[in-house]
Amino acid sequence: MTPPAGDRDPAHTPVRVLLCDDHAVVRAGLLALLSSAPGIEVIGEAGDGEEAVALAAALRPDVVLMDLQLGSGIDGIEATRRIAGLPEREAGREAGREAGREVECDDGRDVEREAGRADGRDDERDAVGRGAAGRGAAGRGAPHVLVLTTYDTDADINRAIEAGATGYLLKAERPEELFSAIRAAAAGRSTLSAPVAHRVLAQMRSPRPGLTDRELDILGQLARGLSNREIARALFISEATVKTHLGRIYDKLGVDTRAGAISVAKEQRLLP
């Protein structure tokens, strides 16, 4: 078990990680892999988004390793958004106690003391308190979310970043890259897999044009669950024209499925 923050040497404090993946085999593999990495400790596992949010709030890991597709319930994007939005743990006072600096008297007044002077650990405790102040484990702010997924579409990347993900890594990365990304995320630094970084830069250099009125019309019909034939009848156009417009819609939204187009359209408030 990890000792309390106040009793740990900040130079050797492990990065505390929470795993979230709906596949038990994948979680077991990640657990075995991360157990071999020095300075990284898995403190919990979640099989769905709701469980990940609850454990992140309770355990306050430094990093949540988050998959995007989580079966039933909320997906990894929504779980990321909720975790990134967790309020600061009510630990301003707790962190002070960890540093041995603050106690509360019987009459409710806060007083300062140099705890640990008798055993000479006061400076050490102060250093730990300062070192932990910027980390989720000590309750200062929300845990950092590092996405670990097989999906690298523009829509997934954009939604994850907008939801507050600190980094975005693909499962094809080498173990050393994963370890490095986890440590970077714990420090609040962003890490992107090379293909993801390429897509982000490509978007910045050549942003996609917006949807035309006709494409918005088709997108609205798509959201109603209509087939291509039904959309063609509703808008008095041919099925071939519908397919052409759908291809352009997918390209502009960075998706390749009808469900993906609807999801991104809702996210970007393109639907009424």
| field | Solvent-accessible ranking of Leu216, Leu86, largest area first, probe 1.4 Å | value | Leu216, Leu86
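In Å², and per residue, what accessible area does the stretch 201-272 have when probed at 1.4 Å with the other protein chains present? Please list the in-between numbers first.
Details: 4540 Å² over 72 residues.
Ligands and nucleic acids excluded, the figure is 63 Å² per residue.
Please report the carbon-and-sulfur percent of the accessible area for the stretch 150-242; probe 1.4 Å, protein heavy atoms only, DNA, RNA and ligands left out. Mind dumping the intermediate values first?
Values: 2620 of 5120 Å².
Carbon and sulfur atoms account for 51 percent of the accessible area of the stretch 150-242.
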| said: Rolling a 1.4 Å sphere over the protein heavy atoms, what is the accessible area per residue of the stretch 29-94, to the nearest Å²? | reply: 43 Å²
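Assuming R0 = 25 Å, can you tell me the calculated FRET efficiency for the pair Val25 and Ser72, based on Cβ-Cβ distance, to the nearest 0.05?
Working: r = 18 Å, r/R0 = 0.72.
With R0 = 25 Å, the Cβ-Cβ based efficiency is 0.85.
Once you have the Cα-Cα distance between Ala57 and Arg214, take 0.36 nm times their residue separation minus that, and quote the gain in nm to one decimal. Don't skip to the answer; put the middle values down first.
Details: separation 157, 0.36 × 157 = 56.52 nm, distance 4.44 nm.
That pair, Ala57 and Arg214, stretches by 52.1 nm at full extension.
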| remark: Phi-derived 3J(HN,Hα) across the stretch 191-202 with the Karplus relation (6.51, -1.76, 1.60, θ = phi - 60°), rounded Hz, x for Gly and Pro, is 9, 10, 4, 3, x, 5, 4, 4, 5, 5, 5, 4
| When N counts the residues of the stretch 155-272, how does its alpha-carbon radius of gyration compare numerically with 2.2 N^0.38 Å, as a ratio? | 1.32
| task | Working with all protein chains in place, sort Lys171, Lys252 by solvent-accessible area computed with a 1.4 Å probe, largest first. | result | Lys171, Lys252
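Put Thr13, Thr150, Thr212 in order of accessible area, largest first, 1.4 Å probe: what do you get?
Numbers: Thr13 30, Thr150 90, Thr212 65 Å².
Output order, biggest surface exposure first: Thr150, Thr212, Thr13.
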| Which cross-chain or sequence-distant (5 or more) residues have an amide H under 5 Å from the amide H of Val42, H modelled 1.01 Å from N in plane? | Val17
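The values are calculated or read from the model by the stated rules, or taken from the named source; none is laboratory data. The structure presented is a predicted model; accordingly, all values stated were derived computationally and were not measured. For neighbour counting, all protein chains shown are included, and Cβ atoms are generated from backbone atoms with ideal geometry for every residue, glycine included. Note: areas computed on protein heavy atoms with side chains; ligands, DNA, RNA excluded. Shrake-Rupley method; radii C 1.70, N 1.55, O 1.52, S 1.80 Å.
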